[in-house]
Amino acid sequence: WEDLRQLGSDIKDHVLSDLDRYLIQFEENAQKNGVQVHWAADAKEHNAIVERILKKQDARKVVKSKSMLTEECKLNEHLEHCGIEVIDTDLGERIIQLLEEPPSHIVMPAIHLKKEEIGELFHEKLGTEEGLSDPKQLTEAARQHLRSEFMQCDAAITGVNFGIAETGGVVVCTNEGNADMGVHLAPLQIHCMGIEKIIPRMKDLG
């Protein structure tokens, strides 16, 4: 595993040493796949581009899966200020959004909450049975709630774990299936990617 970890680091270091070339290669191949590529210099420009794309498509409701880039750019707040509804679809992120609180952890945003507190929140916001605290039942309630949001959405936004320069493809890793739902159900898909996510070839992905 240490050799694999070192190999991963070496691939990333190699990309950073030749980043401009790989970014252009990624853009060219993505465009060949029919993807529109936009470049942003900072958070303000990033948010303005996403807003422009959504407004051009008259999108009023967006389902979003976890993205640290959009969190750092404060994209949710920006879009909501523009009158666009944003539904976070990762379970932890949705809980935090319903509470109107910031995440407490980079990977597990709602780790500080007890199941009883989530039960109270779901009773108040989703109309579940009062006193419900069974994690399976709470998860099922969230699943049913989010499914209706996926069916009604105008667009989906996800982050990107890897962008492959050789193919112009992107990889999104998820353990909840919500990013997959967005990709397949939404008429418009937006991927928000930091430039450091590039890898050179498909074979480097493993």
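Residues that are open to solvent by 20 Å² or more (accessible area, probe 1.4 Å), touching a Leu at 6+ places or on another chain (Cβ under 9 Å) and either part of a helix (DSSP H, G or I) or at positive phi (or both) within the range 128-157 comprise T139, A141, R143, Q144, H145, M151, listed in sequence order.
Picking from residues in the range 197-206 that are of a type in the set (A, V, I, L, M, F, W, C) and surrounded by 17 or more Cβ atoms within 10 Å (Cβ to Cβ), the one that is farthest from the chain's Cα centre (by Cα) is I199.
Within the range 93-111, residues that are exposed (fewer than 13 other Cβ atoms within 10 Å of the Cβ) sit with their Cβ atoms under 8 Å from residues that are of a type in the set (G, A, S) and part of a loop (DSSP other than H, G, I, E, B), at 6+ positions apart or across chains, in these pairs: I111/S104. Kindly establish whether L121 is closer than 21 Å to K66 by Cβ and more than 20 Å from the chain's Cα centre (by Cα). Yes, satisfied. Within the set of pairs 6 or more residues apart or between chains, which connect a residue that is within 13 Å of P200 (Cβ to Cβ) inside the range 1-12 to a residue that is in a helix (DSSP H, G or I) with Cβ atoms less than 8 Å apart? What qualifies is I11/D204; K12/E196. Scanning the range 158-196 for residues that are open to solvent by 60 Å² or more (accessible area, probe 1.4 Å) and part of a helix (DSSP H, G or I), we see that the one that is nearest to N29 (Cα to Cα) is I195.
List the helices (runs of 4 or more DSSP H) inside the range 1-116, counting only whole elements, that have at least 2 residues being of a type in the set (F, W, Y). Don't jump to the end; show me each part of the working.
Numbers: elements: 2-17, 19-32, 43-56, 68-73, 75-81, 91-99.
Answer list for the range 1-116: 19-32.
Can V183 be described as touching a His at 6+ places or on another chain (Cβ under 6 Å) and either of a type in the set (S, T, Y) or within 23 Å of N33 (Cβ to Cβ) (or both)?
On the way: touching a His at 6+ places or on another chain (Cβ under 6 Å): no; either of a type in the set (S, T, Y) or within 23 Å of N33 (Cβ to Cβ) (or both): yes.
It is false that V183 is touching a His at 6+ places or on another chain (Cβ under 6 Å) and either of a type in the set (S, T, Y) or within 23 Å of N33 (Cβ to Cβ) (or both).
Taking the residues in the range 52-68 that are surrounded by fewer than 17 Cβ atoms within 10 Å (Cβ to Cβ) and modelled with pLDDT of 95 or more as candidates, determine which candidate is nearest to P187 (Cα to Cα). Write out each step before concluding.
Of the range 52-68, the ones surrounded by fewer than 17 Cβ atoms within 10 Å (Cβ to Cβ) are 52-53, 55-58, 60-61, 68.
When the remaining residues are screened for being modelled with pLDDT of 95 or more, the result is 52-53, 55-58, 60-61.
Working: R52: 16, I53: 13, K55: 14, K56: 13, Q57: 10, D58: 11, R60: 12, K61: 12 Å.
Looking at the filtered set, the residue picked out is Q57.
Reported count of residues in the range 164-193, each being more than 14 Å from the chain's Cα centre (by Cα) and closer than 26 Å to I11 by Cα, is 6. Filtered by the rule that a residue be under 19 Å from H145 (Cα atoms) and hydroxyl-bearing (S, T, Y), the range 65-96 gives S65, T89.
The values are calculated or read from the model by the stated rules, or taken from the named source; none is laboratory data. Since the structure is predicted, the reported quantities are computational estimates derived from the model, not experimental observations. Because the Cβ atoms are built from the backbone with ideal geometry, glycine has one as well, and the counts that use them run over all protein chains shown. Note: areas computed on protein heavy atoms with side chains; ligands, DNA, RNA excluded. Shrake-Rupley method; radii C 1.70, N 1.55, O 1.52, S 1.80 Å.
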